[in-house]
Amino acid sequence: MMNNPITGYQSLADEDYKMLAYVSSLKGLLKPFKSKGELELLENNARSVREMMEPLMQRLIQSARRYPVRQLPLIFTLGPAPSGAIFLRWRNQQNNKTGTPAFCHLIGDPKIPQRARDALLEIERDRIVFNMQMSVLTFIIRQARECQEKMEQADMLYQG
């Protein structure tokens, strides 16, 4: 993680992704899959990478809870999805509803200290990218599973 001396926020750096990049090469995605087993391997690899992202997510949450962001009426937290993925979310501290409207108000409010607004922007950028990566992995998992089912159906039809 890279610590920003101005905002105090530690965003993710290249070294945080090194192991993930090594494990999750997309080279295995673009090939002619010939069996359910190959698709199952793709699904399992995507699940493993998604699980490996959880510690990074926790570090982002901890970093975002430091000063100056902790002084704001906003919570940076985990939001589990029905797909099994976990996304980074903003929550409104006052009513525990979605924090997106509060985030939008705070980041544009000139009364909020510049340091806090800078930190919010860094956190939001990391959140957007992290959630995109989580979405891509979740999509690959779902597609691999659906393709396995379709191959199984085709095999059953073939066998009569």
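The values are calculated or read from the model by the stated rules, or taken from the named source; none is laboratory data. What you are looking at is a predicted structure, and each value in this text was computed from that prediction instead of being measured. Quick reminder, even Gly has a Cβ in these numbers, built from the backbone with ideal geometry, and neighbours come from all protein chains shown.
Listing for the model above:
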quantity: Residue within region 5-16 that is at pLDDT 90 or above and either β-branched (Val, Ile, Thr) or closer than 21 Å to Gln148 by Cβ (or both) present; calculated: no
quantity: Test: residue in region 93-103 that is within 15 Å of Leu60 (Cα to Cα), in contact with a helix residue (DSSP H, G or I) (Cβ under 9 Å, 6 or more places away or on another chain) and touching a residue at least 12 places away in the same chain (Cβ under 8 Å); calculated: no
quantity: Residues of region 66-83 classified as part of a loop (DSSP other than H, G, I, E, B), modelled with pLDDT of 90 or more and out of contact with any helix residue (DSSP H, G or I) (no Cβ under 8 Å at 6 or more places or on another chain), total; calculated: 1
quantity: Residue list for region 133-142, restricted to those being among the polar types (S, T, N, Q) and loosely packed, with under 15 Cβ neighbours inside 10 Å; calculated: Ser135
quantity: Top-ranked residue in region 48-61 [being more than 10 Å from the chain's Cα centre (by Cα) and among the aliphatic types (A, V, I, L, M); ranked as surrounded by the most Cβ atoms within 10 Å (Cβ to Cβ)]; calculated: Leu60
quantity: Matching option when the condition is in contact with a Cys (Cβ under 6 Å, 6 or more places away or on another chain) and among the aliphatic types (A, V, I, L, M), among Leu39, Leu106, Leu60, Leu20; calculated: Leu39
quantity: Residues located in region 62-84, provided they are within 18 Å of the chain's Cα centre (by Cα) and either at positive phi or surrounded by fewer than 18 Cβ atoms within 10 Å (Cβ to Cβ) (or both); calculated: Gln62, Arg65, Thr77, Leu78, Gly79, Pro80, Ala81, Pro82, Ser83, Gly84
